[in-house]
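Structure first, commentary second.
The numbers here are math on the coordinates, done by the rules we state, and not lab data. Quick caveat, the model's predicted, so the values are computed rather than measured. No Cβ is skipped: glycine too gets one built from the backbone with ideal geometry, and neighbour counts run over all protein chains shown.
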Amino acid sequence: MTGRFLRAGACPVCRNPEIKSWKKGTFDFAGLRPDQIKITDSAYGKIWDLGVCGKCGHVFADPYPEPDFIASLYGEVEDPLYDQEAEGRTRNFVPILDRLDRLCPEHGALFDVGAATGILCDTARRRGWRVDGVDPSSWAVRQAAEKYGLTLREGGFEDATIAEASFQAVTMVDFIEHTPRPVEAVGKAFLILAPGGILCLVTPDIHSRAARLAGRRWWHLRPGHLAYFSKESLRALLEEAGFRILESRRYSWTFSLHYLASRFQWMRFFTQSRASSFLRRIPIKLSLGDSFEIYAVKDRPS
Ligand SMILES: [Zn+2]
């Protein structure tokens, strides 16, 4: 399938028509391939032509890929490196699940959007949640079944048939920046949450200090990211959908030393050496504070 692209015309979040060009693209997006949008791609610094909203500061691909086209690419994504890092990934999800424990002490049902190979779902299930989730990659859904015995849904989230008002928590960790339909995605999360249910959303902050300092080398600048939210655009996105923000924090990532080394050309020698399995066991916490971690509630009708 070849790429088809659409023009935004207005801010995709707040609909403000005053948008400007923010940065010129740095890769040939007409030839976009699945390996460029997988989670562990190392195409850092590669960006779409980006526009910025004069009102809410939202930064977005303009033109952007048609939803069916980008969905078909995600359907083909295979990412074995992601799953080799299962231990580190689990560590990333623990603080989120700790917070959800506090916000939803009764647990109940949790839906993970962009569930990848099911690591968050598996971790949540061990803590007493009933879990469900969706991912477009058939490879990832197969891995989730084989590794964790999870039955995830394969496909897009926005149009999935999911029972309404039936979840106590919805998690969107590094999902919203990948979809060309963020408004529909958050609307869908609202729909499937039960009254009183919580949405946890994690996404990069392009106006963060780390992003400004790293400039073009900021690790979140990559072809898979179609949008970069600002504090204001996230608030608009969530409140428009009906959510009330409860907590907003800075997110810290944990990776193994092996994974970080594999991201940098000059360190690759170590990852191919006998030190490899040793490096995999060393967790490094990156407190860059360059992602938002937001908890929002679907209030019960008063
Ligand atoms: Zn806007």
Just wondering, is there one or more residues in the stretch 225-234 that are of a type outside the set (Asp, Glu) and over 30 Å from Glu76 (Cβ atoms)? yes
Quickly run through the stretch 197-248 and pick out the residues that are acidic (Asp, Glu) and more than 16 Å from the ligand (Cβ to nearest atom). Glu247
All conditions in (1) over 30 Å from Ala10 (Cα atoms); (2) touching a Gly at 6+ places or on another chain (Cβ under 8 Å) are true of Phe60 except (1)
Tell me, which strands (runs of 3 or more DSSP E) wholly within the stretch 1-108 include 2 or more residues that are in contact with a Lys or Arg (Cβ under 7 Å, 6 or more places away or on another chain)? 50-53
Ala140 being touching a residue at least 12 places away in the same chain (Cβ under 8 Å), crowded, with 22+ Cβ neighbours inside 10 Å, farther than 22 Å from Asp35 by Cβ and under 18 Å from the mean Cα position of the chain (by Cα): no
How many residues are among the aromatic types (Phe, Trp, Tyr) and within 16 Å of the ligand (Cβ to nearest atom) when one looks only at the stretch 10-40? 1
Mind telling me which of the residues Ala169, Ala189 ends up being away from the ligand (no atom under 16 Å from the Cβ), of a type outside the set (Phe, Trp, Tyr), within 26 Å of Arg126 (Cα to Cα) and not in a helix (DSSP H, G or I)? Ala169
Would you pick out the residues in the stretch 151-196 that are in contact with a Lys or Arg (Cβ under 7 Å, 6 or more places away or on another chain) and hydrophobic (A, V, I, L, M, F, W, C)? Phe157, Ala160, Phe190, Leu193
Kindly indicate whether Arg7 is without any contact (Cβ under 8 Å) to a residue 12 or more places away in the chain and farther than 21 Å from Arg217 by Cα. no
Report every pair of residues separated by at least 6 positions or lying on different chains whose Cβ atoms are under 6 Å apart, first residue within the stretch 188-206 and under 13 Å from Leu238 (Cα atoms), second assigned to a helix (DSSP H, G or I) and of a type in the set (Gly, Ala, Ser). Phe190/Ala241; Leu199/Ala189
What about Thr161, is it over 24 Å from Leu103 (Cβ atoms) and surrounded by fewer than 23 Cβ atoms within 10 Å (Cβ to Cβ)? yes
